[in-house]
1. Please verify whether VAL53 is surrounded by fewer than 13 Cβ atoms within 10 Å (Cβ to Cβ) and free of Cβ contacts under 8 Å to residues at least 60 places away in the same chain, treating the condition exactly as stated.
2. Here are GLN223, GLN238: which of them is open to solvent by 50 Å² or more (accessible area, probe 1.4 Å), under 21 Å from LYS98 (Cα atoms) and in a helix (DSSP H, G or I)?
3. Whether any residue in the stretch 254-262 is under 23 Å from LEU113 (Cα atoms), among the aliphatic types (A, V, I, L, M), free of Cβ contacts under 8 Å to residues at least 40 places away in the same chain and in a helix (DSSP H, G or I) is what I want to check.
Amino acid sequence: MAKSMFSFLQMPVLYFYVLSVCYSDFKLKAKHLLHAIPFVIANLVMIPRFYAVNTESKYALFENYNRIWEIIYIHISIELQFIIYITFIFVILNRYKKIYQQNFSDTSSKAFLWLFQFTLASAIIHSVVLVKNILKYTDRGKTFDSVQLLVSVLALIVICWYVFKALKYPELFNGVDSKTQLVTTSIDKKTVIRSEEINQLTSYMETEKPYLNPSLSIRNLAQELNMNSRDLSILINQRLNQHFFDFVNEYRIKEAMNILKNPNKKDVTILEILYEVGFNSKSSFNSAFKKHTGKTPTEYKKLA
């Protein structure tokens, strides 16, 4: 019975986990206890049928377990809860990705990719669990046992994968500040962006080349320019109509193109170039280069 009841806490815990990875300042608060309401209601529902009866009546309940309306209610509630929370999680991930794109120069967020994969894996496993629960009411043969074994194997695989990720990529667990707002939601009519600010920004990018720093963030750049990070974000996203990582990577690609065209550097490898101009992975460099030039770095080098 405890196993069934604690199933109501699985999705809230996953939801809090996603929040904690996405947002570095996330902390559990008293208001989060509200997520335990379905768990409390389910236990209250079972009081007359299970908690308030003698041992003999408890055994009788399990003889006809899957035909009792309270148990059916619990199963349906758990499935509905899963759909609601998995939707919330994907909404959070979508917002996190947009904030990341507007504030960081790396072309991809490993944390986002990891959480998306983890959530997708959870959804797939739970879909198999749903099939298993349906078979519980319609099938008493070997099919139910096979699906139950499949669920156990899948769960073991995901747990091992999770531990492997946590050990090999500890940086996955560094999030953004939850107070960071999306530009589309934070901009107001009073914000005035002067043309000299754009000139200051482009001039600084061309002369000081801050984009060569692979860890450059909009907050770092704003400090270097003595600007408010919010104003700089609005400047780039609204006036220049680019995400921060697109804006920065445009300068990185131009720098890479100059190196590729330089006959004195014809022996420099693509890998050396991508690290030199501020990228930290070959895949992100290739994607950004093709996006800006329509060619791969290798193709461009041959033509140059």
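1. For VAL53, the condition - surrounded by fewer than 13 Cβ atoms within 10 Å (Cβ to Cβ) and free of Cβ contacts under 8 Å to residues at least 60 places away in the same chain - is not met.
2. One residue alone meets the criteria, GLN238.
3. Checked against the condition, which is being under 23 Å from LEU113 (Cα atoms), among the aliphatic types (A, V, I, L, M), free of Cβ contacts under 8 Å to residues at least 40 places away in the same chain and in a helix (DSSP H, G or I), the stretch 254-262 yields no hits at all.
To keep it simple, each residue is scored yes or no on (1) in a helix (DSSP H, G or I); (2) open to solvent by less than 70 Å² (accessible area, probe 1.4 Å); (3) more than 30 Å from SER284 (Cβ to Cβ).
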| position | (1), (2), (3) |
| --- | --- |
| PHE116 | yes, no, no |
| SER122 | yes, yes, no |
| HIS126 | yes, yes, yes |
| LYS132 | yes, yes, yes |
| LYS136 | yes, yes, yes |
| ASP145 | yes, no, yes |
| LEU149 | yes, no, yes |
| CYS160 | yes, no, no |
| LYS165 | yes, yes, no |
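The values are calculated or read from the model by the stated rules, or taken from the named source; none is laboratory data. Bear in mind the structure is a predicted one, so any value in this text is a computation, not a measurement. No Cβ is skipped: glycine too gets one built from the backbone with ideal geometry, and neighbour counts run over all protein chains shown. The area values use the complete protein model at the heavy-atom level, side chains included, leaving out ligands, DNA and RNA. Shrake-Rupley method; radii C 1.70, N 1.55, O 1.52, S 1.80 Å.
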